[in-house]
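The values are calculated or read from the model by the stated rules, or taken from the named source; none is laboratory data. If you're wondering where the values come from, they're calculated on a predicted model, not measured in any experiment. When we count neighbours, we look across all protein chains shown, and the Cβ atoms used for this are built from the backbone with ideal geometry, even at glycine. Note: areas computed on protein heavy atoms with side chains; ligands, DNA, RNA excluded. Shrake-Rupley method; radii C 1.70, N 1.55, O 1.52, S 1.80 Å.
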Amino acid sequence: MLLKEGFDYMYNVTLSLESAEYTLQDIEGGPFVALMVEKLGTHHQDVKNTIIKIFNKLSSIYPITKAAGYVVSGSINSRSVKTKTEALNLLKELVKAYGADIVTHKDMKFYAA
């Protein structure tokens, strides 16, 4: 399963970046997080579990407020209902772990509209 191997590799890269104390720039972290949010709707539970593990480590290499913004936009802009649902579940878990401050006022306007 190529998708699982790809996300396992991304998890290992995340661990390497964390141990090197590297912080991703927006141009690096944006596509990385957006891809993970897009793939949350996959029917492979192993892939979803790996993505969740990456998000749990992500705060040490990328600002969690920016990552939450990508999760919000992924939950709104996706055509897949499954992706929207999984993105909202991930956002719920992120808010539980890091507090409601990770969701900015700008992000909340998406839900209010």
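Details
- Test: residue in the range 93-109 that is part of a helix (DSSP H, G or I) and hydroxyl-bearing (Ser, Thr, Tyr): yes
- In the range 31-49, the residues that are within 9 Å of Gly74 (Cβ to Cβ) form Cβ pairs under 8 Å with partners that are open to solvent by 70 Å² or more (accessible area, probe 1.4 Å) and not charged (D, E, K, R), at six or more places apart or across chains, as follows: Val33/Tyr70; Ala34/Tyr70; Val37/Tyr70.
- Matching residues, the range 75-90, being of a type in the set (A, V, I, L, M, F, W, C) and buried (at least 21 other Cβ atoms within 10 Å of the Cβ): Ala87, Leu90
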